[in-house]
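The values are calculated or read from the model by the stated rules, or taken from the named source; none is laboratory data. Since we're looking at a predicted model, the values are computed, not measured. A quick note on method: Cβ atoms are made from the backbone with ideal geometry, for glycine too, and the neighbour counts reach across all protein chains shown. Heads up: the accessible areas ignore ligands, DNA and RNA and are worked out on the full protein's heavy atoms, side chains in. Shrake-Rupley method; radii C 1.70, N 1.55, O 1.52, S 1.80 Å.
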Amino acid sequence: MRRPMRFATVLPVVAALLAATACSSTPPTAENKTLKIVYQKSDSFTALDAVMQDAKKEFEAANSSVTVNLEPIQANDDDYGTKLALAQRSPDTAPDVFYEDTFKVRSDVDAGYLLKLDSYLEKWDDWSKFNEAAKEAGRADDGSIYAVPLGTDTRAIWYNKAVLQKAGIQVPWQPKTWEDILSTARAIKASDPTVIPFNMYAGKGTGEGTVMQSFYELLYGTDSTLYDEKEKKWVVGSQGFTDSLAFLKTLYDEKLAVSPAEALDANVWKKVFGEWFPQGKLAATVEGSYTPSFWQKGGAYEWAGYEQDMGVAMFPTRNGQEPGGVSMSGGWTLAVGAKSKNAELAFKFLATALNKKNALAFDVNNSQIAVRTDVASESSYLSANPFVKDVSELVKVTHYRPATADYPRISTAVQVATESVITGKQSPEDAAAEYDATVRKLVGDDKVLER
Amino acid sequence: MTIRRYLRLLPVVPSVLLLLLFLLAPVVWSFYASFTNAALSGRAARDPQWVGLENYVRMFSDDSFPLAAWLTVVFVAASAVLGQNVLGLLIALLMTRSRRAVSSWVGTVVVAAWVLPEIVAAFAAYAYFNRDGTLNQMLAFFGGQGPDWLYTFPLVAIILANTWRGTAFSMLVYRAALADVPQDVSEAALMDGAQGWQRLAFITLPLIRSSIATNLMLITLQTLAVFTLIWVMTAGGPANASTTLPVLAYQEAFKFGDIGYGTAVASVLIVLGVVFGAVYVRLLREQKP
């Protein structure tokens, strides 16, 4: 008698399991629609979360039958991209609106994750307020727009005036060549060996930060480039690439930067902003225009003294040749999921999140360079921090990454080359040769240009 | 009668189905994906193509794969086969001879590392081997100066951490096995004048052979799969010096978005596990005629 009894208890469980899996695929009912919004949030990046909370309130008030589900992902940039891509693989988990890095736009359009926005943008009055260069950030290979920028950024040398002055260096400081950087760094080290004179990121630990806030500032100042936009081919065998690696090697070998072990720590940037700059242990580093967002009120590493102590300088070209400086720009966008069941509403939410009020709040709180012309002329934007003008001017000398679908892997290959050089595993020549071989393997010989 | 026999099998059907669904299906899918160029982004994400053996060919022309395979073998041999196994046996042997209070105290200390969740143990090990960590602070107290362990000797640090974490399991297995060794055999050998090491080598070890093989199989498979410990301590660095196969598979599949290549690496790992398992099963079978 016992066996049939057991069987009877198992059956409902199986039935419940089957029912549970069947339920998840039923579409939401027409009356009560929900929108799923996915974006990045971390302990040092909450500006977007604040904007999204505001946008949710605003949107739900205007659309009473719609529920907005905010689903922030707690992760760094690399992991955020991975988690987002994994969520997009299935219609059940794909978000309706999401935060997307500009350099992933083309690759993710190819993957079929992003909805074409052209027809929606036509009917959106605010679209004309976006500056023309910024609109390009969301354009894919087919010429259509798939994502709307939140803001952009530039990169510069951030230096601690007090530390430089202690070493007898005049401020404001503006190096004209790579050699200027090295001689200043050596002077700082000579006057106080406990100070880190000039840090530049390297290695896979800091991920995309390694190339955006370090390697490309060097490479694009050597008259070389990563990608030939006209020929649509990747450049290999360039002297500039080897020289850029050699410059990093010099910095690390002479202990002008952090130790290689610290450089490979994915959290090294937290020490840069949170400890070394405020404590006067670091003279200078290359970082983004968003730097003040960490130090201003409400930031992750509040530091009241930063406005007086910090200075900003343009990263020089190798020999001071035209145009005299280098910067890199990226930035993030909002996009609508291609699998969204409520595309119309999703775009409406995107438009709410990016209206003038919310864009202004985001640009100010996250020290972004505004992409809406009406925000850029707003007085609260211009006075958000003392560096807005300096970093905005760098747009004149800035470069954008080749946002092709191959790019993320090429970027990794560059990071690997820098890691090999600073850890002493390879010489700059060998590391460059390995990079060339990797690129050829990744994109094929016909998409490579020897120069 | 036969119907009743089939009816008796019915209750296991759900568990078999669940096993097939959650255990076998991912393995089969992983093998299948390793023959495609599936990716997280780009055109291959929308429409993965069958590429045959391309991923496997690339694996053997890629420097990082042979290195990762070698590091995996070193890691398993040093931390499981040598570290956990030998240390576990040693502690178990000493415990049989020590006083009860001492042996239960030692047992508690060793088991403490084992019951910690892997992520907690990993952070503890990171805090211990870190440049400003406990180990170097202790060395500094005695006037020494330690290197940056995780950077200079990443694999050594990971091997020590995994040995620390896993020894308890071997110790428990051997404690049970040694308790089953008949006392009179040892005593007879003692009467014949056998030394301590002779009794260990010719009496005790042969008697617990099957426990040794079972233990080796289990800890080898466990160690092959270690990921969290390595990821937290070194993330596979510096310059791939501690990238074992699970770390490489994760990096390729999720950091670089190359699912096809990542699953190819994972497939090799599965095959490696099956080979190890088969060897140990063989060992187990041979001693029971």
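Here are the numbers for the structure shown:
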{"read-out": "Cβ-based net charge around A:Thr177, under 15 Å, with every Lys or Arg adding one and every Asp or Glu removing one", "value": "-3"}
{"read-out": "Residues whose placed amide H lies under 5 Å from that of A:Thr67, excluding near-sequence neighbours", "value": "A:Lys33, A:Thr34, A:Leu35"}
{"read-out": "Estimated 222 nm signal from helices in the protein assembly as shown, with DSSP H stretches of n ≥ 4 weighted -39500 (n - 2.57), rounded to 500", "value": "-15000 deg cm²/dmol"}
{"read-out": "Interface residues, the range B:12-41 - accessible area loss of 50 Å² or more versus chain alone, probe 1.4 Å", "value": "B:Leu40, B:Ser41"}
{"read-out": "Backbone HN-Hα couplings from phi across the range A:373-390 [Karplus 6.51/-1.76/1.60, Hz, Gly and Pro as x]", "value": "5, 5, 6, 4, 9, 6, 5, 5, 6, 5, 9, 4, 7, x, 9, 3, 5, 4"}
{"read-out": "Pair A:Gln279, B:Ala101: separation of 7 Å Cα→Cβ label points (nm)", "value": "4.6"}
{"read-out": "Using alpha-carbon coordinates, inclination of helix A:2-23 to the longest axis of chain A, degrees", "value": "60"}
{"read-out": "Positive minus negative residues near A:Thr373 (Lys, Arg vs Asp, Glu; Cβ under 13 Å)", "value": "-1"}
{"read-out": "Solvent-accessible area buried by A and B, counting both chains, probe 1.4 angstrom, square angstrom", "value": "2400"}
{"read-out": "Of all DSSP beta bridges in chain A, antiparallel share, percent nearest 5", "value": "55"}
{"read-out": "Where a label projected 7 Å from the Cα of B:Val120 along Cα→Cβ would reach, residues of the range B:148-169 with amide N under 19 Å", "value": "B:161-169"}
{"read-out": "Heavy atoms of B:Val120 accessible to a 1.4 Å probe, total area in Å² rounded to 10", "value": "70"}
{"read-out": "Cα-based helix-to-principal-axis angle, A:343-353 vs chain A, degrees rounded to 10", "value": "40"}
{"read-out": "Per-pair calculated FRET efficiency, R0 = 56 Å: A:Asn32 and B:Phe153 via Cβ, rounded to 0.05", "value": "0.45"}
{"read-out": "Folded to 0 to 90 degrees: helix A:47-62 orientation relative to chain A principal axis, Cα", "value": "30"}
{"read-out": "Whether chain B is rounded, prolate or oblate, judged on the alpha carbon gyration tensor where a/c under 1.5 counts as rounded", "value": "oblate"}
{"read-out": "Per-residue ³J(HN,Hα) for the range A:173-183, Karplus 6.51 cos²θ - 1.76 cosθ + 1.60, θ = phi - 60°, Hz, x for Gly and Pro", "value": "9, 9, x, 9, 9, 4, 4, 4, 4, 5, 5"}
{"read-out": "Kyte-Doolittle at least -1.0, axis length at least 18 Å by Cα - qualifying DSSP helices, chain B", "value": "B:85-97, B:100-115, B:154-179, B:209-224, B:259-286"}
{"read-out": "Complex-versus-alone comparison for the range A:242-267, residues with a loss of 10 Å² or more in accessible area, probe 1.4 Å", "value": "A:Pro260, A:Ala261, A:Glu262, A:Leu264, A:Asp265"}
{"read-out": "Approximate spin-label separation A:Lys356-B:Ser64, in nm, with each point projected 7 Å along Cα-to-Cβ", "value": "4.8"}
{"read-out": "Carbon + sulfur, % of accessible area of the protein assembly as shown - ligands and nucleic acids excluded, 1.4 Å", "value": "60"}
{"read-out": "Nonlocal amide H pairs with A:Ile196, under 5 Å, H built at 1.01 Å", "value": "A:Leu282, A:Ala283"}
{"read-out": "Inter-label distance for A:Lys123 and B:Gln183, nm, one decimal - labels placed 7 Å from Cα along Cα-to-Cβ", "value": "9.0"}
{"read-out": "Amide proton proximity set for B:Thr36, modelled H, under 5 Å, gap of 5+", "value": "B:Val51"}
{"read-out": "At R0 = 22 Å, FRET efficiency that the Cβ-Cβ distance of B:Val28 and B:Val274 yields, to 0.05", "value": "0.95"}
{"read-out": "Local electrostatic count at A:Gln74 - Lys and Arg +1, Asp and Glu -1, tallied over other residues with Cβ under 14 Å", "value": "-4"}
